[in-house]
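The values are calculated or read from the model by the stated rules, or taken from the named source; none is laboratory data. For clarity, every value in this text was computed on a predicted model and none was experimentally measured. Cβ coordinates were reconstructed from backbone atoms using ideal geometry, including for glycine residues, and neighbour counts include every protein chain displayed. We work out accessible area using only protein heavy atoms, side chains counted, and drop any ligands, DNA or RNA first. Shrake-Rupley method; radii C 1.70, N 1.55, O 1.52, S 1.80 Å.
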Amino acid sequence: MSVNLFDLTGKTALVTGGTHGLGMAIATGLANAGATIIVNDVLPEKLESAKKEYAENGIKVHTYVLDVTDEKAVEQVIAVMEKEVGPIDILVNNAGIIKRIPILEMKAEEFRQVIDIDLTGPFIMSKTVAKGMVERGYGKIINMCSMMSELGRNTVSAYASAKGGLKMLTRSMATEWAKYNIQINGIGPGYFATDQTAPIRVDGHPFNEFIIHRTPAGRWGDPEDLAGTAVFLASKAADFVNGQVVYVDGGILATIGKPSNEN
Ligand code: GCO
């Protein structure tokens, strides 16, 4: 009998910040592959509107208010999630913020806030959820890295530092936890059409033109472009893949780019 390597039926996935954008697209992909979905956010109202949006697409999600940087709350709420919904088999560390401020103008507190949410949050979430995964001898952790895990850009120093660190945290988790049959990998999106990039994506904005020209695929990513990679990394098909970051970037990291007069 052939086995569907990508079937997530019977698995429970927690997607942090899965109330919009890339997180929602990933959670939708995991749900369509059979997973039961839990999402968290710090704002109850965002959870309410997300629940409705998922339901419109035929997906029932379990929602919990949780700040991924609050270690005590994470321990308490993960215990409640696992009691009410079931053991978390798949953790997607997606919740994150960005602050676009030149280094010379950025306050240390602003830098710390980005590192706290984008890097320390995944550390806290992973070490808490991994305890159960170790006991069960099974787990999948997917860390939302970025092409900023590899390259810098003006004004995003804190975000790039966090995402570079998240790549190395991914490798460190794989080093320590692979022996428990836990696979920990990252997804590195290129430039995607989301609320987070809306300010730099408006028609006529120089950065919009730059990205379209700099990306070999010639377009911004659509959040749905990420679902397949997330399902792959969450599935049996990736049981021997560990510590990797899969870049879903339209080819941007493959090239130094081309002159403005070349197609
Ligand atoms: C920016 C963008 C990037 C992308 C993404 C790229 O300001 O450069 O927001 O950070 O969102 O992270 O992988």
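Would you say residue 172 is open to solvent by 10 Å² or more (accessible area, probe 1.4 Å), farther than 24 Å from residue 250 by Cα and among the hydroxyl-bearing types (Ser, Thr, Tyr)?
Here the answer is yes, as residue 172 does meet what is asked.
Take the conditions of a type in the set (Val, Ile, Thr), touching a Phe, Trp or Tyr at 6+ places or on another chain (Cβ under 8 Å) and closer than 19 Å to residue 24 by Cβ and apply them to residue 142. Does it pass?
For residue 142, the condition - of a type in the set (Val, Ile, Thr), touching a Phe, Trp or Tyr at 6+ places or on another chain (Cβ under 8 Å) and closer than 19 Å to residue 24 by Cβ - is not met.
Can you name every residue in segment 133-165 that is more than 9 Å from the ligand (Cβ to nearest atom), of a type in the set (Ser, Thr, Tyr) and crowded, with 22+ Cβ neighbours inside 10 Å?
Listed by number, the list is empty, since nothing qualifies.
Looking at residue 153, is it within 21 Å of residue 25 (Cα to Cα) and assigned to a loop (DSSP other than H, G, I, E, B)?
Spelling it out, it is not the case that residue 153 is within 21 Å of residue 25 (Cα to Cα) and assigned to a loop (DSSP other than H, G, I, E, B).
Is at least one residue of segment 80-88 crowded, with 17+ Cβ neighbours inside 10 Å and either within 19 Å of residue 241 (Cα to Cα) or among the hydrophobic types (A, V, I, L, M, F, W, C) (or both)?
yes
Here is a check on your reading of the model: is residue 242 assigned to a helix (DSSP H, G or I), more than 15 Å from the chain's Cα centre (by Cα) and not basic (Lys, Arg)?
No, not satisfied.
Kindly provide the set of residues from segment 100-122 that are open to solvent by 50 Å² or more (accessible area, probe 1.4 Å) and touching a helix residue (DSSP H, G or I) at 6+ places or on another chain (Cβ under 6 Å), ordered by number.
The answer is 103, 111.
Give segment 239-263 a look and list any residue that's open to solvent by less than 50 Å² (accessible area, probe 1.4 Å) and acidic (Asp, Glu), or say none.
The answer is 249, and nothing else.
How many residues, within segment 199-238, are more than 25 Å from residue 17 (Cα to Cα), outside any loop (DSSP other than H, G, I, E, B) and open to solvent by 40 Å² or more (accessible area, probe 1.4 Å)?
Result for segment 199-238: 6.
Go through segment 13-46 and report how many residues are open to solvent by less than 50 Å² (accessible area, probe 1.4 Å) and either within 16 Å of the chain's Cα centre (by Cα) or modelled with pLDDT under 95 (or both).
23
Can you tell me which residues in segment 175-198 are surrounded by fewer than 20 Cβ atoms within 10 Å (Cβ to Cβ), in a helix (DSSP H, G or I) and more than 10 Å from the ligand (Cβ to nearest atom)?
Correct list: 175, 176, 178, 179, 180.
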